[in-house]
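So the structure is just underneath, and the comments pick up after that.
The values are calculated or read from the model by the stated rules, or taken from the named source; none is laboratory data. Values in this document were obtained by computation on a predicted structure and should not be read as measured data. Note: ideal-geometry Cβ built from the backbone for every residue, glycine included; neighbour counts use all protein chains shown. Accessible surface areas use protein heavy atoms only, side chains included; no ligands, DNA or RNA. Shrake-Rupley method; radii C 1.70, N 1.55, O 1.52, S 1.80 Å.
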Amino acid sequence: MRTTLLLLLTFCLVAPLASAQDEFDMAAMMEMIAPDEHHVFLRAFVGDWYYHSFMWMAPDAPPVQTLGEASLSMDLDGRYLVGVHTGNFMGMPFEGRGTTGYDKVSGKYVLSWVDNIGTSIMLFEGQVEDGKLVVESDLLNPTTGTNEVHKMVQWADGETYTMEYYTTPEGGDETLSMRIISTRVED
C-alpha cells in the first residue's frame, strides 16, 4: 500500500511537468510545420503559363528553341509549389515535374525536378537573393561522367516568370545553358 501511495504521489507531482513539456513541444512543432513568409514567396509562381525556352547545347551555338505550357499550384496546405511542364524537345513530347518548398529545419529552399528525357531525380538547395530564387546542385554530366555545378535562378513579376539555368563543369566557367521566359495565360 505504501508503495502504491508513493507511486501515486510521484505521478501527481511529475505528470503536470510532463504535460507542460508536451504542450511546449507541441507548440514548437506546430510553429515548425506551419507555412511562413518563405512559402508566401513561392505563390508568385502560381498560375498557368505559356513558355518559350532557349537551350544552348554549346556556349557558341545558336539556342534550340521550344514552346510549351506550365501549370503551377501550391499543394499540401500551401507548403509546396508543384509544377507540371509540357511541350516538345527536339521534336519529341516533353513533360517535366517540379516541387519546390522551404525547409524550415535546414533554412533552405529545396527543389526537385524529374522529366521524361532523363532518369535522374535532380535535387537543388538555395536561398532567395535580391528577390530571385537561386538554387544549386552538384550533378553528374551523363555524357562526360564528370561533376558539374548546376544553378537555377527564378523570378516572377506577376505576368512574367523567368528561369535561367547555368552549368559549371569541373575546372570550367559558369555558362548560361537555358533561359525560359513564361507569360501568364489570360483567363
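Counting only strands (runs of 3 or more DSSP E) that sit wholly inside segment 139-187, those with at least 2 residues that are in contact (Cβ under 8 Å) with a residue 60 or more places away in the chain, over 27 Å from R43 (Cβ atoms) and out of contact with any helix residue (DSSP H, G or I) (no Cβ under 9 Å at 6 or more places or on another chain) are 175-184. Across segment 128-158, the number of residues qualifying as open to solvent by 70 Å² or more (accessible area, probe 1.4 Å), more than 24 Å from T183 (Cα to Cα) and of a type outside the set (A, V, I, L, M, F, W, C) comes to 6. Can you find even one residue in segment 104-123 that is open to solvent by less than 30 Å² (accessible area, probe 1.4 Å) and within 22 Å of W56 (Cα to Cα)? Among the residues of segment 104-123, not one is open to solvent by less than 30 Å² (accessible area, probe 1.4 Å) and within 22 Å of W56 (Cα to Cα), which makes the answer no.
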